[in-house]
1. Any residue in the range A:140-156 that is out of contact with any strand residue (DSSP E or B) (no Cβ under 9 Å at 6 or more places or on another chain), more than 7 Å from chain B (Cβ to nearest Cβ), buried (at least 18 other Cβ atoms within 10 Å of the Cβ) and farther than 30 Å from B:Val160 by Cβ?
2. Given the residues A:Val17, A:Val13, A:Val4, which is the only one that is within 8 Å of another protein chain (Cβ to nearest Cβ), in contact (Cβ under 8 Å) with a residue 24 or more places away in the chain and not polar (S, T, N, Q)?
3. Can you give me the number of residues within the range A:33-88 that are free of Cβ contacts under 8 Å to residues at least 24 places away in the same chain, hydroxyl-bearing (Ser, Thr, Tyr) and not in a loop (DSSP other than H, G, I, E, B)?
4. Output the qualifying pairs, or none if there are none: Cβ atoms under 6 angstrom, residues six or more apart or on different chains, first residue in the range B:52-65 and assigned by TED's automatic domain parsing to the domain that holds B:Gly85, second residue open to solvent by 40 Å² or more (accessible area, probe 1.4 Å).
5. Look at the range B:91-113 and say how many of its residues are at the interface with chain A (Cβ under 7 Å from one of its Cβ atoms) and either in a loop (DSSP other than H, G, I, E, B) or at pLDDT below 95 (or both).
6. Just the residues that are open to solvent by 10 Å² or more (accessible area, probe 1.4 Å) and assigned to a helix (DSSP H, G or I), please, taken from the range B:137-153.
7. Search the range B:165-189 for residues that are assigned by TED's automatic domain parsing to the domain that holds B:Gly118 and more than 19 Å from B:Gln43 (Cα to Cα) and pair each with any residue that is charged (D, E, K, R) and in a helix (DSSP H, G or I) when their beta-carbon atoms are under 8 Å apart and the residues are at least 6 apart or on different chains.
Amino acid sequence: MTGVVTARERGLVGCHVCGLVSRAKHVPPGAMCPRCHAPLHRRKTNSLTRTWALLIAAALLYLPANLLPIMRTVSLGNVDDNTILSGVIELWRNDSWDLAIIVFVASIVVPMMKFLVLGTLLVSVQRKSRWALKQRARFYRLVELVGYWSMLDVFVVALLSALVHFQVLSRVEPKPGVIYFGLVVVLTMLASMSFDPRLIWDRKETDD
Amino acid sequence: MHVTPGQPLMVCEHCDAVYRRRILARREVAHCTRCGAILERHQWLSLDKQFALIVAAGIVFIIANVEPIVQVSLGSSNATTTLWGAAIAMWNDQSQVVAVLAALTLFFFPLTQILTFGWLLAFARRGERAPGFRQAMVMVHYVRPWSMIEVFMLGTLVAVVKASSYFKVVPGAGIWSFGVLTLLITVFASHDPRQLWHKTVGSNE
């Protein structure tokens, strides 16, 4: 690259937790940051394997999360089951198009983007691709930044279920979809945390 | 393994590029020239002001948890809920996983953050390291991404709009507190806790 020196080339290693830069020719497993005692490593341990595993688990749960209803509304014997998508459509129909867009982005666009971006990153890193380095790095940071907003619908269901409890007149109950959806959010967050963005930039020396 | 003597270096967490640290002016943000990630921001609030923010956040956090978030009415019956009401409702309705997620991300993790930062800053204002400084700094680092007050704030708005097409909805003090809390947390979060390593002197270094 142009004038950029990496910590690995310099025999340095930065601590993920406190940021201290230490000099180390080799970083044995179990090495500790001299300042904060957090585990020290040049690259996150088993980054690719862990990210794949978490991402695949999340993708599997993503199906029931979207296909199963997340919430049931009962009013005077009328039962109405809502999925993630039908909840967005209902908001749109009730003239809350602004909120419909927010929920659509948080519940549908963000999770899809996480699968696409992390999947692309994993494949391109495994192929040691030099394609669109800066853009890929930027997309990773975007995923890190917006990831937790997908929890939005989970909190909405929790609030409505607690609020609307008028015996036979009107009731809102959570349905299993919401559990799967919550787990998808947690798993995709863990997946993006396990991915090491430095792998995007690494060249031949990706062995340790 | 030694700390590099004399020269304060920093390493970009996103691409491993090495830089020499320099003092940032007001509003300045240091970006990595290779990958564009933020290396460091100017810390525009002093430790005293950050401490004040966190104390305020602590007080608002209590109000947010005690006061009802919204009230809905149908005919003559009313119902209100708090954050804990929502978590308990999920627990009782076969959604224990969601109840635990909500309790952790909206109560326990934010509470841990507020208490730990309060503890750290109370000492750091005088340039000292609090007892358990190292452990507290590590904990704050790991807990940070899992605190979701902002998301809950938006969630209450969506819930209010959804409920208002069927019921009369009156916002409670809780919803305002969560709004204020979101604001305080956002301002506070623009400060990197790692600054405390530089601004305090301790025996463990």
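The values are calculated or read from the model by the stated rules, or taken from the named source; none is laboratory data. Given the structure is predicted, the values throughout are model-derived calculations rather than measurements. In this analysis, Cβ positions are derived from the backbone assuming ideal geometry, glycine residues included, and neighbour counts consider all displayed protein chains. For accessibility, only protein heavy atoms count, side chains too; no ligands or nucleic acids. Shrake-Rupley method; radii C 1.70, N 1.55, O 1.52, S 1.80 Å.
1. yes
2. A:Val13 is the lone residue from the list that is within 8 Å of another protein chain (Cβ to nearest Cβ), in contact (Cβ under 8 Å) with a residue 24 or more places away in the chain and not polar (S, T, N, Q).
3. Final tally of qualifying residues: 2.
4. Hits for this filter: B:Val60/B:Val180.
5. Qualifying residue count for the region: 2.
6. Within the range B:137-153, B:Met137, B:Val138, B:Met139, B:His141, B:Tyr142, B:Val143, B:Arg144, B:Pro145, B:Trp146, B:Glu150, B:Met153 qualify.
7. That search, which allows pairs on different chains as well, returns B:Thr182/B:Glu150.
Conditions tested, residue by residue: (1) more than 10 Å from chain A (Cβ to nearest Cβ); (2) open to solvent by 40 Å² or more (accessible area, probe 1.4 Å).
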| position | (1), (2) |
| --- | --- |
| B:Ile88 | no, yes |
| B:Gly118 | yes, no |
| B:Leu121 | yes, no |
| B:Arg125 | yes, yes |
| B:Pro131 | yes, yes |
| B:Gly155 | no, no |
